[in-house]
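This report concerns only the one structure given below.
The values are calculated or read from the model by the stated rules, or taken from the named source; none is laboratory data. Quick caveat: nothing in here was measured; it's all calculated off a predicted structure. As a convention, Cβ positions derive from the backbone with ideal geometry for all residues, glycine included, and neighbour counts pool all protein chains shown. Accessible surface areas use protein heavy atoms only, side chains included; no ligands, DNA or RNA. Shrake-Rupley method; radii C 1.70, N 1.55, O 1.52, S 1.80 Å.
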Amino acid sequence: MTEAERHVHAFIFRGPRRGEMCALAWPEVSLPKSWFRISAQIVEIAYRQYDEAPKQDSVRTVTLDSQTRELWRKWQTTQDQERQQWSGEEAQVESARVWTHENGQPLHPDWISRRFNRLVDLSGLPPIRLHYTRHLSATLALLGKADIKVVQERLGHSSRQITSDTYTSVLPQLMTAEAESTSAVVPPVPEEGSGTRCALQAGRGCGSPRDRPGCRRRWSSRGIAARRMTFGLNPASTS
């Protein structure tokens, strides 16, 4: 896997922002414990770079999956080998950054975007922006049944609502699963003439002297009170 492909892999499976990846330093990475910490970002203005602290909610620790951890370990070994090859007037630039050129110079955010666009062109796939890999990362995590709170914290969103509003709309199967799990909480209403007593008659009793199919007694005042008790509501405090 080439250097550029390692970058793309990290964007797709960990979902960092471009500026966060450019600012990432090795002291903020623990390969043995499988995590890296995002505490800085590079902001580009008219091609000039500025170091900035990310938003408070974006300072976070991200877990590394085993495949990404192994790729980063190999990349670290490659950097060590390249450091030994540079000497004299062409001594390697010591930046401690994770993502650098072979001479140790940190990658420019625009260089990463241009390289990504080149890889997309060579692949023959429809053109996408580098930032869209961040959305792809969240979508893959949700498809893998990751908790939305975990995805929110990994992406550095300020609230769970932002993550939910952004991504669940593109995953209808998640919405279907939520609808089914919600409906399962409420017992189904028996059909007319089915000969099945309603849930209140069978479990609680609705006060009706007769157990006739399709009984509507549960909608009486006593029946409504019983339904409220069934769902843990206090009938005395519910209007």
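With no solvent and one point on each alpha carbon, what is the Debye value of log10 I(q)/I(0) for region 1-85 at q = 0.13, 0.15, 0.21, 0.24 Å⁻¹?
These q points yield log10 I(q)/I(0) values of -0.45, -0.59, -1.09, -1.29.
Quick one: in region 99-161, what % of C-alpha pairs are over 14 Å apart?
For region 99-161, the fraction of Cα-Cα distances above 14 Å is 69 percent.
In nanometres, what is the gap between the two model label sites at Ala53 and Tyr132, each 7 Å from Cα along Cα-to-Cβ?
3.5 nm
Over region 1-89, what percent of the accessible surface lies on carbon and sulfur atoms, probe 1.4 Å?
Here carbon and sulfur together make up 47 percent of the probe-accessible area.
Give me the accessible area per residue for region 1-66, probe 1.4 Å, as a whole number in Å².
Computed with neighbouring chains in place, this is 53 Å² per residue.
Taking only C-alpha pairs under 8 Å that are 6+ residues apart, what is the relative contact order of region 50-142 in percent?
About 13 percent, as a whole number.
So which GluC sites (Glu not before Pro) in region 43-107 end up in coil per DSSP with only 12 or fewer other C-beta atoms within 10 Å?
Sparse-neighbourhood loop GluC sites (Glu not before Pro): Glu94.
Sticking with the crude label model, points 7 Å out along Cα→Cβ, report the distance from Asp110 to Val150 in nm, one decimal please.
3.9 nm
How far is it, in nm, from the label point at Trp35 to the one at Gln84 when both lie 7 Å from their Cα along the line to the Cβ?
Taking the two extended label points, one gets 3.3 nm.
Give the lysines reachable from Lys55 as a straight Cα distance under 21 Å; neighbours fewer than 8 places away on the same chain don't count.
List returned: Lys149.
If you consider only alpha-carbon coordinates, what radius of gyration and Dmax does region 1-142 have, in Å?
Answer for region 1-142, Rg first and Dmax second: 15.1, 50 Å.
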